[in-house]
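In what follows, a single structure is set out as structure tokens and then discussed.
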Amino acid sequence: MRRSAAPSQLQGNPFKKLKFIPPGRSNPSPNEENTKMSPDVKLFEVVASKNTFLQLQNNPRICSLNLPTEGSAREINHGHNYSGKHCSEASVMVKLDPPHTVHSAPKEITVPKGQEEEEPDSLVKYFSVVWCKASKKKHKKWEGDAVLIVKGKSLTLKDLEGKDIGRGIAYKFKELEKIEEGHRVMIGGKEVEVMGIISPDDFNSGRCFQLGGGSPAISSSSQAAKKCFSNPFKSVCKPSSRENRLNGFQDCKPRHDPHVPNSLVMSRPDNNHQWMFNKNCFPIVDVVIDPHLVYHLRPHQKEGIIFLYECVMGMRVNGRCGAILADEMGLGKTLQCISLIWTLQCQGPYGGKPVIKKTLIVTPGSLVNNWRKEFQKWLGSERIKIFPVDQDHKVEEFTKSPFYSVLIISYEMLLRSLDQIKNVKFDLLICDEGHRLKNSAIKTTTALISLSCEKRVILTGTPVQNDLQEFFALIDFVNPGILGSLSSYRKIYEEPIIISRQPSASEEEKELGEKRAAELTCLTGLFILRRTQEVINKYLPPKIENVVFCRPRALQVELYRKLLNSQAVRFCLQGLLGNSPHLICIGALKKLCNHPCLLFNSIKEKEYSSTWDGNEERSLYEGLVDVFPADYNPLMFAEEESGKLQVLLKLLAVIHELRPTEKVVLVSNYTQTLNILQEVCKRHGYTYTRLDGQTPISQRQQIVDCFNSKYSSDFIFLLSSKAGGVGLNLIGGSHLILYDIDWNPATDIQAMSRVWRDGQKHPVHIYRLLTTGTIEEKIYQRQISKQDLSGAVVDLTKTSEHIQFSVEELKNLFTLHESSHCVTHDLLDCECTRDKDGTGGSLEKFPISRNCQLGPHHQKSNSMKPLSMSQLKQWKHFSGDHLNLTDPFLERIRENVSFFFQNITNQSTAI
Ligand SMILES: Nc1ncnc2c1ncn2[C@@H]1O[C@H](COP(=O)(O)OP(=O)(O)OP(=O)(O)O)[C@@H](O)[C@H]1O
Ligand SMILES: [Mg+2]
């Protein structure tokens, strides 16, 4: 039931509309306010509110977003009342006896034959209505707004959450055809009065539900809006105080000159905004971004700052102050936020008064110090006082000191210090890597909501639209209630959208689903901004990406065969075992690909462990130890036992030799593998540093800074993708080697984005190592297959445990292709396999360069999406024995490589 007294503004004629007043509430009397106003103020306000309303009505993009808040509703009434005409019309309408009442048709009513033909089933109409329980009382107590759907001879009544609350059939067609504003209809024990017509478009898009404002969250809308509406004119009307204020601000100037070339000036608030937020009638002052920052900003960042400013100021959606900045990785979301904070902390559109005092930035632990550094980088240490929480700097210090204006804290620490943080009034909340808030039930989300800070910004490089419920949680976090309650959102958006995407969906369902999806996008699009990496490509050096298929070594092949012949794998394929045994098998195969000694360690561990009771694992490892040499010592592992490790070593050697000043980021998903890689570094005298889950948070930034410094002597940065894949800047490295592959392409893409970002000076070389013919190739294929593209499983939290495998898929996973150079290439059905010369070399046939993985320019590309099969086909590709390898790095490793794919972005100065 609607709780606000707002009418459904866009249904029918808003000026004529009768307003639903919940029982027990009296009609607000805007006239009272009018009488208190001085005539000049009154005239100004009326014109302002009318103009804004008309503007919104005319602008299809905005109209759907002019969500009714208590304030906006009053604004419109206020406009009507000034003329006096519509108000009286409305009150007359309430009292008027409805001209026509349609009662539920008794079943026995028969319709003359001829008439039947005139009753097309296609009669579909929608009305906004109010309803109450059927009674004979003259003065009805209307209980709520609803939507009435007339279809053929039946009626359906839906509440504003989209739930059916009444149905009726076998009405007289002629009567239904005549229904119009003011008519009353009996339906399922309810009496309904028609308030207005809803256009099919408003129904199909779901807008009629939204605008009804039935959701509790909408009516409880923004506190700022409420505060302003509590008595917007009182203070304005005190002439003495107003004069004083005007005098005080007479020479109020923008902080920076808005007229100099290249100045970045924020949008001025419109009349509606002024009416809502400038109750003290301060003069309007231009808000101008500090030229010191503007000098560095990229065009997309300027746009982003304007976007963020408009969102948090409540200029984009009435009274809503949230935003999601979902730019792809490396686009400088941090700088955009820093610019916003710095601007709002010093300036404001009303009398130049700063909009915010305190800002809270919540971020993953490993990035707390990155934020500190970025503040320092862009603003120095004097302009703004920030307080990053770490071991030595406790929250209490911040709460006790008025000195600091920005608190930077990790999500974990936030939970621990919530009680103290609650004592501070924050005006702006920024949640970095905020996709973790996609679950509204988790503690972090509830903790942040409890801070009741209105201006909320989520930063994320991960697309947010993959899961409609998670999408709701993020939207509801930044702009609470804008999509109504979860249950109404499900009915109005999620269900029709999901139904429309099922193969069995009817045309009607498809159309409804598409319209609802479009409306959802339109509704949320005003406060979500996402730009792809393409916008900064031109500022970046070339990127040479290689997928390298490494031949497995003899020991690996033998162990691999044995694993595939184990009882555990056979049982898996027969679907005989419970307990996800396939995950154990997959894990063992992946370890083997990295290095056989990892498998050896697992076998030994299980042998000695007291939990060695799993039949599946025992049967998986049975007889494997015998394949290893009798005196096998995993600590003394031989490098030649792993195909990938051999390639890695040659690669490190050639980089070291040809580019002695350049550095390498070496990434693995596994700590045990990192241990091996670390050991290899030691053996070969390569200096290294390491960041994994065990690295204390307080040391992480220091490690990163040290590596990025040109004075650093570290050649290699060993990185656990799970611990440090997100948000880190590792521009000190210009070669990145992904030693193993993750099921989730997002993990790999995140890791690969650490080096090819703003500030990188050298051409970037990326090597993704895969063991030919093994499960690693299968995982890669899964990443790039169409199935994953459409399923869009591009979510960092999804791991292999979330993946369901059919027996058929498992059969494919558990197959070793020993004779192929590259199974992935075989699957592409590429022209070069039909070459007569049989070299497999296809350099001439394929574009030398494409616009990287992002797809053609004209498509709405998204580099967070994994590469597709067809895109891969367009990469340069060649077998290891190709004669003319021009890349000196590939040339050096070819001996152990069966196949390469290569793609170059920003080619001009490549290699
Ligand atoms: N206009 C600019 N000029 C030069 N360097 C910039 C600019 N904007 C951002 N950078 C630098 O680019 C790097 C990446 O920026 P940032 O960490 O903010 O990216 P992000 O969008 O947060 O990416 P992610 O999603 O990976 O966290 C940082 O080192 C930052 O200082
Ligand atoms: Mg970031």
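Tabulated data
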{"item": "Total residues in the stretch 690-709, condition closer than 26 Å to Lys761 by Cα and in a loop (DSSP other than H, G, I, E, B)", "result": "2"}
{"item": "Residue within the stretch 359-368 that is within 28 Å of the chain's Cα centre (by Cα), surrounded by fewer than 21 Cβ atoms within 10 Å (Cβ to Cβ) and within 16 Å of ligand 2 (Cβ to nearest atom) present", "result": "yes"}
{"item": "Subset of the stretch 298-320 that is more than 16 Å from ligand 2 (Cβ to nearest atom) and in a loop (DSSP other than H, G, I, E, B) - its residue that is surrounded by the most Cβ atoms within 10 Å (Cβ to Cβ)", "result": "Gly319"}
{"item": "Residue that is surrounded by the fewest Cβ atoms within 10 Å (Cβ to Cβ), among those in the stretch 249-295 that are among the hydrophobic types (A, V, I, L, M, F, W, C) and part of a helix (DSSP H, G or I)", "result": "Val294"}
{"item": "Residue among Glu470, Glu495, Glu534 that alone is within 16 Å of ligand 1 (Cβ to nearest atom) and either assigned by TED's automatic domain parsing to the domain that holds Arg320 or touching a residue at least 12 places away in the same chain (Cβ under 8 Å) (or both)", "result": "Glu534"}
{"item": "Positions within the stretch 717-744 being among the acidic types (Asp, Glu) and either over 16 Å from Ile676 (Cβ atoms) or within 16 Å of ligand 2 (Cβ to nearest atom) (or both), in sequence order", "result": "Asp742"}
{"item": "Condition met for Glu303 (more than 11 Å from ligand 1 (Cβ to nearest atom) and modelled with pLDDT of 95 or more)", "result": "yes"}
{"item": "Residue among Glu545, Glu558 that is among the acidic types (Asp, Glu), within 23 Å of Thr824 (Cα to Cα) and in contact with a strand residue (DSSP E or B) (Cβ under 8 Å, 6 or more places away or on another chain)", "result": "Glu545"}
{"item": "Spans of strands (runs of 3 or more DSSP E) in the stretch 321-440 with at least 2 residues in contact (Cβ under 8 Å) with a residue 60 or more places away in the chain", "result": "322-325, 359-363, 406-410, 428-431"}
{"item": "Hey, Gln701 in contact with a strand residue (DSSP E or B) (Cβ under 7 Å, 6 or more places away or on another chain) and either of a type outside the set (A, V, I, L, M) or crowded, with 16+ Cβ neighbours inside 10 Å (or both) or not", "result": "no"}
{"item": "Residues (modelled with pLDDT under 90 and more than 16 Å from ligand 1 (Cβ to nearest atom)) located in the stretch 447-467", "result": "Ser452, Gln465, Asn466, Asp467"}
{"item": "Positions within the stretch 716-741 being part of a loop (DSSP other than H, G, I, E, B), surrounded by 23 or more Cβ atoms within 10 Å (Cβ to Cβ) and away from ligand 1 (no atom under 16 Å from the Cβ), in sequence order", "result": "Tyr739, Ile741"}
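The values are calculated or read from the model by the stated rules, or taken from the named source; none is laboratory data. All of these numbers come straight from a predicted model, not from anything done at the bench. Every residue, glycine among them, receives a Cβ derived from its backbone with ideal geometry; neighbour counts consider all protein chains shown.
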